[in-house]
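Rule-based calculations on the coordinates, nothing more; no lab input. Everything numeric in this text was worked out from a predicted model, so none of it was measured. Using ideal geometry, Cβ is built from the backbone for each residue, glycine included, and neighbour counts are taken over all protein chains shown.
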Amino acid sequence: MIMNSNEELLRHSMNENGYYLLLVSRDAVDFFKTHKAEKDAELDFKDRHHLRLIIRGNYQSASSHYYGSKESRVIVGSLFACSFHNFLESVKIDDFKTYTTKAFQDYCSLKKLKEDEIEKLQSLSVSGSEIGRTMNRGWFNELYEVKGDKIRLRCCLRDVVIPNTGS
């Protein structure tokens, strides 16, 4: 991936995991632009170490997670998987876990990345058991609805907030 000066400033305004999560998030947001959902989600990358997930619907909720945490990786990976695999309707939980687990690998195959970038992105992948453990969390239930063996996206990713690089 070729970086211009703005991209280089952006890269240094957050930690490395945050930068790679931001890349994936920015590419996922385009898919959701035309879709309607109960709620809207926003990923805020303005903090150097924390990803903020803001969900707006009847009320607003927010949560904050370290960029390298399982939670941040599941949030970004699952939203990218939903966009890449066109998961707007209910899908089987096992399919959801499989595609979320492979999300960063799918992203690498989609982009022309250098080998070190591929390694960094693939190190952010999550396992199916990690995804299963996050399904009881409040932020997860705001993003997704789980009924029986099916899962459905409740939120469309509307915006990715990037740090102000001063340019």
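Odds and ends about this structure:
- A simple spin-label model places pseudo-atoms 7 Å from Cα toward Cβ; at Arg152 and Asn58 they are separated by 1.6 nm.
- Bridges between two residues of the chain, per DSSP, are antiparallel at a rate of about 75%.
- Relative contact order (%) - the chain, alpha-carbon pairs under 8 angstrom, separation at least six: 34
- Tail beyond 28 Å, pair distance distribution of the chain (Cα, percent): 15
- Largest mean-square fluctuation among Asn136, Asn58, Asn86, in a Gaussian network model of the chain whose springs join Cα atoms under 10 Å apart, belongs to Asn58.
- Eligible lysines near Lys112 by straight Cα distance, threshold 29 Å, same-chain separation 8 or greater: Lys33, Lys46, Lys70, Lys97, Lys102, Lys120
- Taking Leu79, Leu21, Leu113 as the candidate residues, the one with maximal mean-square fluctuation in a Gaussian network model of the chain, Cα springs under 10 Å, is Leu113.
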